[in-house]
Amino acid sequence: MKYAYYPGCSLGTSAEEYDVSTREVLKRLGVELSEIPDWTCCGASAVEPVSRLLTLALPARNLALTERECPGLDMLVPCSACYLNHLRVGRECATDRALPGRINEALGAEGLSYAGKVRVRHLLDVLASDVGPKAVAAQVSHSLEGLSVAPYYGCQALRPFALFDDPEHPRSMEPLISALGATVFGWDMGGRCCGASLMATRRDVALVSVAAILDAAAGADVIVTVCPMCQMNLEAYQSQAHHADTISVLYLPQLLGLAFGLSDEQTLLDKNLAMTDALKGKLRACEAASA
Amino acid sequence: MKNMHTPIAFTPAPLVFQDEALAEIQSMVRACMQCGTCTASCPNSFAMDLAPRQMWRMLLFGLKQEVLESRTFWLCSSCYSCTLRCPRGLPLTAAMAALKRLAAAEGDAVNRKKALFYQEFMQNVEQNGRIQEMGFMCHYFLAMHDPLLPLEYGPLGLKLLAKGKLHLGDSTQRGRLGPLFAKVRSMEEAS
């Protein structure tokens, strides 16, 4: 298994632990990554309120590079906003015949063109569909038995395109969590919006969503996410959301890495802002039980 | 009676949709049947002054100024719940973004200030090729002219600093997107 890897900007700065744990866990699972050379920002969720054409041209630039430099490979994207931006290019070109021409006219500024051949995949899709829970279970050396994990999917990995999961009742993380020996925390907030960039523009509104999600996670040991924005919103504003108990919010590959027995340098748990003593205690108990 | 068969000189009514930006958004919501699934699905509707369902109707009535005076579209967090569930399959999240563009171009000072967050972000992307989170937030604070705003981010800034996450970021791609931005700008000005 080999993929063209698009880390995205957050994974180079505030979500470094997502990048490192993704690379390490996939390496352990025998998945090869080839980072797309010369990749640039996809515009995140800020580009569409600024320019419609740029919304498609920015990700199309990365897709064109993938097509030329990594022919035949699917593009693997860990960030949900990056994922949707890249996915949209093909989806919108399929319904608007004039669009491919306009996008390629823009890409012409750099001598690039995109023929629409790249399949865009979310990291969760690759883990759940291509790798699968059996291959994950085969790597588990430190069972997470007794750990209650709340799967948080966020928005843009699920919506608006239902490609690898049910966007109303997402389940794709559950077999992976079970494969680690952990227990899936049952809740219905897995697809509830975290507020996204409203955390910067209308924090009062975003905090209502964050509080609702954190309250619903009461009883779980850890929330697991697959998006750097969701992770930051759920983790960094817990006290402002007037949430009494802090809860750790890990990236899915960090949780996999713990169960695989990866080193601290590979899981980078110390980069998380809300690594609670309660979770550390639970993890030690898991380790003692499996030793 | 003879007159009845005389062709009446007919002057076509002036085109109703001369406003292209408005017409683009109207075309996105034309088939709205006012069911309200969008409003019921929106996690932020509690903070909106116009319910999304109401807003689509007002747009179709041509009440552009009234819509631009509301704060509804600025509260869209692009969760795509409405787009997923709309029984007419309308691109409602994209319509919200189109309204943000319209408000930035034609709106009042309040609207232009709300647009700054997105514009500052994209200016940083244009300069650096990859977004530099810290530089972007600093420019955003300056552009907002609100001395209290940076203080709100103080606690988060300290946490990020302690984790070694507060650094200038990747500058290897600086200037890389200049040609693409320039080309898109010239194409959009021409159309």
Which residues, counting only those in the range A:204-253, are assigned to a helix (DSSP H, G or I), more than 14 Å from every other protein chain (Cβ to nearest Cβ) and open to solvent by less than 10 Å² (accessible area, probe 1.4 Å)?
A:Leu214, A:Leu252, A:Pro253
Within the range B:72-84, take every residue that is under 11 Å from the mean Cα position of the chain (by Cα) and within 15 Å of B:Leu59 (Cβ to Cβ) and give me the one that is farthest from the other protein chains (Cβ to nearest Cβ).
B:Thr72
Using the structure shown, decide if B:Leu161 is at pLDDT below 85 and either in the same structural domain as B:Lys113 (by TED's automatic domain parsing) or not in a helix (DSSP H, G or I) (or both).
yes
Tally time: how many residues in the range B:16-57 are in a loop (DSSP other than H, G, I, E, B) and more than 11 Å from chain A (Cβ to nearest Cβ)?
14
The lone condition B:Ala182 fails out of (1) at pLDDT 85 or above; (2) outside the structural domain of B:Thr72 (by TED's automatic domain parsing); (3) open to solvent by less than 40 Å² (accessible area, probe 1.4 Å); (4) among the small types (Gly, Ala, Ser) is (3)
Give the residues of the range B:86-110 that are in contact with a Lys or Arg (Cβ under 9 Å, 6 or more places away or on another chain), open to solvent by 30 Å² or more (accessible area, probe 1.4 Å) and at the interface with chain A (Cβ under 9 Å from one of its Cβ atoms), sorted by residue number.
B:Arg101
Residues A:Cys79, A:Cys93: which one is within 22 Å of A:Gly154 (Cα to Cα) and more than 11 Å from chain B (Cβ to nearest Cβ)?
A:Cys79
Out of the residues in the range A:164-205 meeting the condition of being in contact (Cβ under 8 Å) with a residue 40 or more places away in the chain, in contact with an Asp or Glu (Cβ under 8 Å, 6 or more places away or on another chain) and of a type in the set (A, V, I, L, M, F, W, C), tell me which one is farthest from B:Phe117 (Cα to Cα).
A:Ala182
(1) touching a helix residue (DSSP H, G or I) at 6+ places or on another chain (Cβ under 6 Å); (2) more than 9 Å from every other protein chain (Cβ to nearest Cβ); (3) open to solvent by 10 Å² or more (accessible area, probe 1.4 Å) all hold for A:Val50 apart from (2)
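Considering the range A:17-67 alone, what residues qualify as being more than 22 Å from A:Ala109 (Cα to Cα) and not in a helix (DSSP H, G or I)? Outline the logic, then answer.
Residues of the range A:17-67 that are more than 22 Å from A:Ala109 (Cα to Cα), as a first pass: A:17-35, A:45-46, A:49.
A:Leu29, A:Gly30, A:Val31, A:Glu32, A:Leu33, A:Ser34, A:Glu35, A:Ser45, A:Ala46, A:Pro49 - these are the residues of the range A:17-67 that are more than 22 Å from A:Ala109 (Cα to Cα) and not in a helix (DSSP H, G or I).
Considering the range B:104-122 alone, what residues qualify as being part of a helix (DSSP H, G or I), of a type in the set (Gly, Ala, Ser) and over 18 Å from B:Ser27 (Cβ atoms)?
Taking the range B:104-122 first, the residues part of a helix (DSSP H, G or I) are B:104-106, B:109-122.
Still in the list and also of a type in the set (Gly, Ala, Ser): B:104-105, B:109, B:115.
Of everything in the range B:104-122, those that are part of a helix (DSSP H, G or I), of a type in the set (Gly, Ala, Ser) and over 18 Å from B:Ser27 (Cβ atoms) turn out to be B:Ala104, B:Ala109, B:Ala115.
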Tell me whether the range A:78-93 contains one or more residues that are assigned to a loop (DSSP other than H, G, I, E, B) and either out of contact with any Phe, Trp or Tyr (no Cβ under 9 Å at 6 or more places or on another chain) or not assigned by TED's automatic domain parsing to the domain that holds A:Ser263 (or both).
yes
Do the conditions hold for B:Phe117, that is, is it at the interface with chain A (Cβ under 8 Å from one of its Cβ atoms) and in contact (Cβ under 8 Å) with a residue 40 or more places away in the chain?
no
Could you check, for the range B:147-166, whether at least one of its residues is of a type outside the set (Phe, Trp, Tyr) and touching a residue at least 24 places away in the same chain (Cβ under 8 Å)?
yes
Picked from the range A:141-179 (must be surrounded by fewer than 18 Cβ atoms within 10 Å (Cβ to Cβ) and of a type in the set (Gly, Ala, Ser)), the residue nearest to A:Asn85 (Cα to Cα) is A:Ala162
All-but-one check, A:Glu105 against (1) within 14 Å of chain B (Cβ to nearest Cβ); (2) in a loop (DSSP other than H, G, I, E, B); (3) surrounded by fewer than 17 Cβ atoms within 10 Å (Cβ to Cβ), failing number (2)
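Kindly indicate the residue of the range A:147-180 that is part of a helix (DSSP H, G or I) and touching a helix residue (DSSP H, G or I) at 6+ places or on another chain (Cβ under 6 Å) and also farthest from the other protein chains (Cβ to nearest Cβ) among those meeting that condition.
First, pick out the residues of the range A:147-180 that are part of a helix (DSSP H, G or I): A:174-179.
Retained after the next criterion (residues that are touching a helix residue (DSSP H, G or I) at 6+ places or on another chain (Cβ under 6 Å)): A:175-176, A:179.
Values: A:Pro175: 23, A:Leu176: 23, A:Ala179: 28 Å.
Among them, the one singled out is A:Ala179.
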List pairs: first in the range B:172-190 and within 22 Å of A:Asp38 (Cα to Cα) and at the interface with chain A (Cβ under 7 Å from one of its Cβ atoms), second open to solvent by 60 Å² or more (accessible area, probe 1.4 Å) and at pLDDT 95 or above, Cβ under 8 Å, 6+ apart or cross-chain?
B:Lys183/A:Glu105
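The values are calculated or read from the model by the stated rules, or taken from the named source; none is laboratory data. Since this is a predicted model, take the numbers as computed values, not measurements. Every residue, glycine among them, receives a Cβ derived from its backbone with ideal geometry; neighbour counts consider all protein chains shown. Calculation scope for accessible area: heavy atoms of the full protein, side chains included, ligands and nucleic acids excluded. Shrake-Rupley method; radii C 1.70, N 1.55, O 1.52, S 1.80 Å.
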